[in-house]
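Please read the structure below before turning to the comments.
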Protein chains: 2
Amino acid sequence: MKKTFENLSALLTDDLNAVNALITQRMASKHAPRIPEVTAHLVEAGGKRLRPLLTLASAKMCGYGGPYHVHLAATVEFIHTATLLHDDVVDESNMRRGRKTANLLWDNKSSILVGDYLFSRSFQLMVETGSLRVLDILANASATIAEGEVLQLTAAQDTNTTEEIYFQVIRGKTAALFAAATEVGGVIASAPENVVSALNTYGDALGISFQIVDDLLDYGGADQTLGKNIGDDFRERKLTLPVIKAIEKANKAERAFWDRTIANGDQHDGDLEHAMELLQNHGALEETRDAAIFWGNRAKTSLDVLPQSQIRDLMRDLADFVVNRAV
Amino acid sequence: MKKTFENLSALLTDDLNAVNALITQRMASKHAPRIPEVTAHLVEAGGKRLRPLLTLASAKMCGYGGPYHVHLAATVEFIHTATLLHDDVVDESNMRRGRKTANLLWDNKSSILVGDYLFSRSFQLMVETGSLRVLDILANASATIAEGEVLQLTAAQDTNTTEEIYFQVIRGKTAALFAAATEVGGVIASAPENVVSALNTYGDALGISFQIVDDLLDYGGADQTLGKNIGDDFRERKLTLPVIKAIEKANKAERAFWDRTIANGDQHDGDLEHAMELLQNHGALEETRDAAIFWGNRAKTSLDVLPQSQIRDLMRDLADFVVNRAV
């Protein structure tokens, strides 16, 4: 992943610098210094800038020569940052990317209101592009993101959660913004309809694959490598794909185990190890990995409608590397 | 106030019904029933629908015949509702409009995420109007609202707060959305520039007047009528215009009193009564009432650029009635 990012970033250095400058400029506030303080903590925390990179790469791949892909990349990063600020309040998180969260360093109030401010700043940035179609795409993505968050809240800890609900949740949580990020890159470049559609499919599939891999790695990946943070989702009683697949095949005693630990939150020493055993016995981790590979391939093949280019190859590589984190 | 509302509402009955139908339709969510539950609690709680009424009235006064003033009125109500949901979390409020708040009935998480959902729905609604200028106005209003909220958070309990900061805060808290609500009514009706500008001035001044009166009534109004809820702002240590004016004129002992009660939050029996005495002694309540009258008059005279009509008269009356709550 690192190498693909470096290559993509190197190809888009000037654009990325322009995005960073625009982000710094727009997170300023003459009246409320708390805003840039909180935002800088998160924006400068070494995030991967994956989403803005997708917008820049999509626009460049479609031959865009104007200035607005930079606005859209900053828009996408602001939406992402605002979502993280609100997520950390909702999840009562203390750490993100190895640093204390804003809700811990300042307070929940600041995280809520600065998140709202970044949403409104992202909105201003996209209006500046003057493209109603771009606004339509991003408005719909915002609604899908917010609906997915509420769905996740109500579906959490419910052991009847189906794969269908899981996919709705991760489309909201991750794939909707990935898909909008790539699609608006094509739209701003006035790419033909089949290319715009392919970019949407690419972002959607890449986002789904990305989230499935994240959820798989939380259980150590398909080979159950035990590392730090293994089992966070289990302890937080999140219904992710590995557990959903294991519950699908659970016998009565196993179902009782999941109900006790996930639905009722009654967890003891040894429960995580037993959960890992059940995932292994039912092949849930391999099946989850296969799902990630399926969506990764879908992302790759969606780009077949575009002519070969260095940047297209790098975007295909990106899909491989997202999946390879998990194998 | 009640009579003016009734007359304005009666004149716009069909439009208001259309707004209510659109709100009900757009607060639905196929996947997350929590969304309409929380929204309905707030939207159906007998709010005055003042903001959507301003949009409908402005569009009608400018002779608009299309369908999009209804979308914009619903947009404005969704932005307002989203702001209330987040405000109640930030202020840790338990009651609003005589009912338990959503953060109490459900939880903070639901209020944060449903608020985000309503923001994104409002965004979709305004995109549907196809007017980039409307989007620009509402994006700027959203940023002013969010910046004002953060400013209020950091200015709260600071006895050095100036009138200048107070006006920035209430522009964000109240006047920015009032001004956008009336301005977009004119824009969607393709009104001439001087009329659009007048509508912005009207909404801004009406909003400022409205908020000043609210802050004055919290201390019983200019005649210090003691009723229920008197002194809420004092107990919550909010720096509003009456107190700012009293602090401007405070001697050393009085300044120490405000520092103890507001800055340090060390309040005892008799402190509210002493605060009321200081407001009275320095004429702070009369001065605050005069400020409300000034802004109310400004709202009224701004409409002079428009030809006389029944609806223009009612909008002028509205400014009088807003102020009359305080005299």
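The values are calculated or read from the model by the stated rules, or taken from the named source; none is laboratory data. Computed from a predicted structure; not experimentally measured. Neighbour counts are summed over all protein chains in view; Cβ atoms, including those assigned to glycine, are modelled from backbone coordinates with ideal geometry. We work out accessible area using only protein heavy atoms, side chains counted, and drop any ligands, DNA or RNA first. Shrake-Rupley method; radii C 1.70, N 1.55, O 1.52, S 1.80 Å.
Rounded to the nearest 0.05, what FRET efficiency do B:Ala10 and A:His268 give with R0 = 60 Å and r taken as the Cβ-Cβ distance? Could you check?
0.35
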Counting only protein heavy atoms and rolling a 1.4 Å probe, how much accessible area do A and B lose on contact, total for both sides, in Å² to 100?
3700 Å²
Length gain on complete extension for the stretch A:Phe321 to A:Glu163, per 0.36 nm per residue less the alpha carbon to alpha carbon distance?
54.5 nm
If you put a point 7 Å past Cα along the Cβ direction, how far is that point for B:Asn7 from the same point in each other copy, in nm, smallest first?
7.3
Teacher prompt: B:Glu286 distances to equivalent labels in other copies, 7 Å Cα→Cβ, nm
8.8
At 7 Å along the Cα-to-beta-carbon direction for both A:Ser309 and B:Thr301, put a label point, then send me their distance in nm to one decimal.
5.9 nm
Rounded to the nearest Å, the spacing of the alpha-carbon centers of region A:266-327 and region B:270-326 is 63 Å
Please report, for B:Trp106, the nm distances (one decimal) from its label point, 7 Å out from Cα along the beta-carbon direction, to the equivalent points in the remaining copies, shortest first.
2.4
Dipole in debye (nearest 20) - region A:2-324, about Cα centre, beta carbon charges: Lys, Arg +1; Asp, Glu -1
920 debye
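How large is the direction-averaged shadow of the alpha-carbon convex hull of the protein assembly as shown, in nm²?
30.6 nm²
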Calculated FRET efficiency, B:Asn194 and B:Gln25, Cβ-Cβ r, R0 35 Å, to nearest 0.05?
0.45
Quick one: pull the percent of accessible area on chain A belonging to carbon and sulfur, 1.4 Å probe, ligands and nucleic acids left out.
48 percent
In region B:152-200, which residues become less accessible by 20 Å² or more once every protein chain is in place, relative to the chain on its own, using a 1.4 Å probe?
B:Leu153, B:Thr154, B:Gln168
Taking the Cβ of B:His86 as the center, what net charge do the other residues with Cβ under 13 Å away carry, scoring Lys and Arg +1 and Asp and Glu -1?
-3
As a quick test, which of the pairs B:Lys3/B:Lys60; A:Lys30/B:Lys109; A:Lys238/B:Lys30; B:Lys238/B:Lys300; A:Lys100/B:Lys109; A:Lys100/A:Lys173 have an alpha carbon distance above 24 angstrom in this structure?
A:Lys30/B:Lys109; B:Lys238/B:Lys300
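If you place +1 on the Cβ of every Lys and Arg and -1 on the Cβ of every Asp and Glu, how big does the dipole about the Cα centre of the protein assembly as shown come out, in debye to the nearest 20?
About 880 debye.
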Quick shape check on region A:101-227: root eigenvalues a ≥ b ≥ c of the Cα gyration tensor, a/c under 1.5 is rounded, otherwise prolate if a/b tops b/c, else oblate, and it reads oblate
FRET efficiency, 1/(1 + (r/R0)^6) with R0 35 Å, evaluated for A:Glu128 and A:Asn94 via beta carbons
0.45
Quick check: with the 1.4 Å probe, what order do A:Asp14, B:Asp214 take by accessible area, largest first?
A:Asp14, B:Asp214
For the protein assembly as shown, accessible area per residue (1.4 Å probe, heavy atoms of protein chains only), Å²
39 Å²
Quick shape check on region B:2-324: root eigenvalues a ≥ b ≥ c of the Cα gyration tensor, a/c under 1.5 is rounded, otherwise prolate if a/b tops b/c, else oblate, and it reads oblate
Karplus 3J(HN,Hα) series, Hz, for region B:12-18 with 6.51 cos²θ - 1.76 cosθ + 1.60 (x for Gly, Pro):
10, 3, 4, 5, 5, 4, 5
Which whole-angstrom value gives the distance between the alpha carbon centres of region A:82-109 and region A:164-234?
22 Å
